[in-house]
1. Only residues that are assigned to a helix (DSSP H, G or I), within 16 Å of the ligand (Cβ to nearest atom) and under 16 Å from Val191 (Cα atoms): list them for the range 94-135, please.
2. Looking only at the range 263-300, which residues are of a type in the set (Val, Ile, Thr), part of a helix (DSSP H, G or I) and free of Cβ contacts under 8 Å to residues at least 24 places away in the same chain?
3. Within the set of pairs 6+ apart or on separate chains, which have a first residue in the range 209-224 that is within 16 Å of Val44 (Cβ to Cβ), a second that is open to solvent by less than 10 Å² (accessible area, probe 1.4 Å) and of a type in the set (D, E, K, R), and C-beta atoms under 9 Å apart?
4. Just the residues that are among the hydroxyl-bearing types (Ser, Thr, Tyr) and under 18 Å from the mean Cα position of the chain (by Cα), please, taken from the range 13-49.
5. Go through the residues of the range 73-86 one by one and say whether even a single one is over 24 Å from Asp264 (Cα atoms), at pLDDT 95 or above and among the charged types (D, E, K, R).
6. What's the number of the condition Met167 fails, among (1) within 12 Å of the ligand (Cβ to nearest atom); (2) part of a loop (DSSP other than H, G, I, E, B)?
7. Name the residue, out of Val33, Val44, Val18, that is in contact (Cβ under 8 Å) with a residue 40 or more places away in the chain and open to solvent by 10 Å² or more (accessible area, probe 1.4 Å).
8. Among the residues of the range 65-87, count how many are surrounded by fewer than 24 Cβ atoms within 10 Å (Cβ to Cβ) and touching a Pro at 6+ places or on another chain (Cβ under 9 Å).
Amino acid sequence: MKLRESHAAEYGEIRDAVRALCAKFDSAYWQKVDEERAYPEAFVDALTKAGWMSALVPEEYGGSGLTLTAASVIMEEITRSGGNAGCCHGQMYNMSTLLRHGSAEQKKTLLPKIAAGELRLQSMGVTEPSAGTDTTRIKTVARRKGDRYVVSGQKVWTSRLQHSELMILLARTTPLAEVRKKSDGMSIFLVDKSKALGKGMTVKPIRNMVNHETNEVFFDGLEIPAGNLIGEEGKGFKYILDGLNAERILIAAECIGDGYWFVDRATKYAQERVVFDRPIGQNQGIQFPIAEAYIEVEAANLMRYKAAALFDARKHCGAEANMAKHLAAKASWEAANVCLQTYGGFGFAAEYDVERKFRETRLYLVAPISTNLIYSYIAEHVLGLPRSF
Ligand SMILES: Cc1cc2nc3c(=O)[nH]c(=O)nc-3n(C[C@H](O)[C@H](O)[C@H](O)COP(=O)(O)OP(=O)(O)OC[C@H]3O[C@@H](n4cnc5c(N)ncnc54)[C@H](O)[C@@H]3O)c2cc1C
């Protein structure tokens, strides 16, 4: 049985190739890494060797020079296959920040190595324990000292750092009290993990609900060469927004993949499971929620493509990226609930993957931006309502 997915024919070659790769990493593989809370190293290696991890790296640096829309198709196919793309999406959204704002020297040094799979740029440290979503209140500071910056502070939920050589770090370079706009005075840096660990940076893993490798990171006098500053000092918040929009769009695509996976699984199970002498899918009480979930995923998919097209055209896409992430995360979560309910008790058994995917897709209503913050963005920036905080 094949679902009629909108846009299923688009990017056909990419879809076929990623599907073929994902088919080698079956349900048993994802269950094992989930159970062991292990990083899916073999999967990420295969993606790297096949060139998908460097999809956004321009051809002149050895990558494929694909668009964010194409990258979102890669992410969608991973979750659509039953896998978890949280292990690899970082490289895609961080790439947008480096490509748009990095210096020629940074690109020349790093991009060929990233394209060759020698380096991973998978990690981004923005969130802090005390600032929460109010990023302008971050307390991590970077002070210029000659040809270096000295960093002190703490990040939380810094994902994939244990499996990445490089991290993009947001730190305050001018105190909040001294800036005109509170989003001014922050800067972004490339942190080379091999030169930072034990020399002012320590990493403490956070065990969490999903198999998502994420950490607390402590900085105590970490020295970063001034050449690792991305773009101009003080403009980091503006730069990182490009990366955050890319992240929202990619995660929307992952949720779309999840949503189709849940609808597909629920549909198959509803056809096969016989109770009271008939397939449970013959009952409208089972059919209708699955149909509704499918409608929601299809609708969210349209906004995902709209947001991705705007991003690729370098147009403003903040509203669309937020709406795509919101609609897709909501749709995949509803589809997850419907799928679990359709499976009844068996939905709770790890061997069917439903409970794992249910946990995995739930994350995206909270991260990378939570629902209320999307509502407040739309209320203020699209509808012109008064700022609430
Ligand atoms: C598994 C995981 C991986 C992550 N990976 C990364 C990463 O790689 N890099 C990184 O920098 N961060 C990462 N994050 C952090 C993530 O982006 C944040 O958790 C998320 O943005 C929410 O921020 P917070 O947890 O600080 O919530 P808070 O800001 O403390 O908010 C808590 C709740 O209050 C609500 N709220 C807050 N203010 C308001 C308001 N004014 N009005 C209404 N409601 C409000 C929020 O919507 C939320 O529901 C990750 C998080 C998780 C769980």
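The values are calculated or read from the model by the stated rules, or taken from the named source; none is laboratory data. This one's a predicted model, so the numbers in the text were calculated from it and none came from an experiment. Quick reminder, even Gly has a Cβ in these numbers, built from the backbone with ideal geometry, and neighbours come from all protein chains shown. For the accessible areas, the whole protein counts, side chains as well, though only heavy atoms, and no ligand, DNA or RNA atoms are used. Shrake-Rupley method; radii C 1.70, N 1.55, O 1.52, S 1.80 Å.
1. Asn94, Met95, Thr97, Leu98
2. Hit for the range 263-300 is Ile295, nothing else.
3. Taking only residues 6 or more apart or on different chains, the pairs are Asn211/Arg356; His212/Arg160; Glu213/Arg160; Thr214/Arg160.
4. Tyr39, Thr48
5. No, because not a single residue in the range 73-86 is over 24 Å from Asp264 (Cα atoms), at pLDDT 95 or above and among the charged types (D, E, K, R).
6. Answer for Met167: the failing condition is (2).
7. Only one candidate passes the filter, namely Val33.
8. Residues in the range 65-87 being surrounded by fewer than 24 Cβ atoms within 10 Å (Cβ to Cβ) and touching a Pro at 6+ places or on another chain (Cβ under 9 Å): 2 in total.
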